[in-house]
1. If you check every pair at least six apart or on different chains, which have Cβ atoms under 9 Å apart with a residue in the range 155-178 that is farther than 15 Å from VAL143 by Cα and touching a residue at least 24 places away in the same chain (Cβ under 8 Å) first and a residue that is among the hydroxyl-bearing types (Ser, Thr, Tyr) and not in a helix (DSSP H, G or I) second?
2. Somewhere in the range 191-198, is a residue in contact with a Phe, Trp or Tyr (Cβ under 9 Å, 6 or more places away or on another chain) and part of a helix (DSSP H, G or I)?
3. Of all residues in the range 352-391, count the ones that are within 26 Å of the chain's Cα centre (by Cα) and within 23 Å of TRP50 (Cβ to Cβ).
4. Got at least one residue in the range 140-151 being part of a helix (DSSP H, G or I), polar (S, T, N, Q) and more than 17 Å from the chain's Cα centre (by Cα)?
5. Out of all the residues in the range 209-229, which are over 21 Å from the mean Cα position of the chain (by Cα), part of a helix (DSSP H, G or I) and either under 27 Å from LEU135 (Cβ atoms) or hydrophobic (A, V, I, L, M, F, W, C) (or both)?
6. If the Cβ limit is 7 Å and pairs must be 6+ apart or interchain, which residue in the range 311-324 that is at pLDDT 95 or above pairs with which residue that is in a helix (DSSP H, G or I) and of a type in the set (D, E, K, R)?
7. Residues of the range 142-172 being of a type in the set (S, T, N, Q) and at pLDDT 80 or above, which ones?
Amino acid sequence: MLKKHVVTCLVNFLIAALLGGMLRYMFVGELNINNRFLVHAHSHVAMLGWVYLMLYVLIVHYFVPEKKPIYNRLFWLTQFSVIGMLLSFPFQGYAAISITFSTLHIFCSYYFVYLIWKHHKTKTIVTRKLLKASLVFMLLSTVGVWCLGPAVSMLGQASAFYQIAIQFFLHFQFNGWFLIVVTALFFHVLQLKDSKQFRLFFVLLIVSTVLTMALPINWFAPHCALLWANGIGVLLQLVTVVLFLNLIKPHQLFLLKNNSKLTIYIYVFAIFCLILKIGTQLLSLIPEISDVAYQHRNLVIGFIHLLMLGVITGFLFGFILQNKWVAFNVWLNFGIYTFILGFILTELFLILQGGMFYFQVGVIPNYYLFLFVSSLFLPLGIGSIIINILKTKSYEP
């Protein structure tokens, strides 16, 4: 079933990329679909259909030696909830049907945490600590979701409470659950051993993840103490990325000996994006930038895509390549490099135009057309990878 699981995750990713292309096309031509509803569909399928389910597959593959049938059944039930969100969000946004499927996904994730906590087996305390921490952050993030109902009924969607609840969910999903678990998977691949340096890295990673939540809270409930908390968190993140590089440095030879050049390149790409992500967050130490950055949609989307498409997806692609769930041929090279090209072009347009909006210097000529065309490289690359996997017979069907 492994092949079907991986292909299903990538098909979800392909659909999310196509939905993203449709969102870009709305600024070029006419498309009779509610933009906000389509954004909900795009983000939910990308986060919960691609990233969450691919992490599900990898965690079970690496850390659950006894593959009980419940994992397969739970995977398909979770995928059913993703399909439900895909078919409901574009037409009604947040309403009864879409909320039902979103809630089903949350309960599936709770049961997944229970199963992994009970059945996981790791060789070192390194992966055990990171894996458990990521699962805790996943559970913690859903507190934000459960607060949305009371926030709307009590204060409305324009309230600070509602906006902070959304940011709480997104922050601990992205920076807690997603980022920490891919670190656990990467350290598992490297066979990293416990050390004083790792224990320092782990503590600072957890503390910085919590403290940097202060910035999105400050956007809607400003207070100087929140800026100080975020500043400390960002500086600690800078230390963690330095420790991260020091921890993996002794394992460079292991990576070079045991992997293809393409696998090495995609890991380097992901790590480079991680460094860029931390570097971007350093800008939030400047009060003028931290106060207004979230108001410029291009910059926000650019940052989210840097994390989701650059860091997280970069590592996920690396794990797929390292496990040889693909055939290393022209189709694969075309798919990977086309995806990266689309990512780089869209990021450049988003950040450049966001900066121009920030400094009030106008719009790039044919900006929306260029952004739409650049975004087409993403589904083209993903589709090529899917074709490659479907033709690969090097692992169980």
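The values are calculated or read from the model by the stated rules, or taken from the named source; none is laboratory data. Every value quoted in this text rests on a predicted model; they were computed, and no experiment measured them. Here Cβ is always computed from backbone atoms with ideal geometry, including for glycine, and neighbour counts include all displayed protein chains.
1. Note: pairs meeting the criteria are ASN175/THR212.
2. The answer is yes, given that some residue of the range 191-198 is in contact with a Phe, Trp or Tyr (Cβ under 9 Å, 6 or more places away or on another chain) and part of a helix (DSSP H, G or I).
3. 20
4. no
5. Across the range 209-229, the qualifying residues are TRP219, PHE220, CYS224, ALA225, LEU226, LEU227, TRP228, ALA229.
6. Filtered contacts from the range 311-324: VAL311/LYS277.
7. First pass over the range 142-172, keeping only residues of a type in the set (S, T, N, Q): 142, 153, 157, 159, 163, 167.
Passing the criteria: THR142, SER159, GLN163, GLN167.
Residue-wise test of (1) within 23 Å of VAL6 (Cα to Cα); (2) of a type outside the set (A, V, I, L, M, F, W, C); (3) surrounded by 14 or more Cβ atoms within 10 Å (Cβ to Cβ); (4) more than 19 Å from the chain's Cα centre (by Cα).
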position	(1), (2), (3), (4)
PHE27	no, no, no, yes
GLU30	no, yes, no, yes
MET54	yes, no, yes, no
PHE63	yes, no, yes, yes
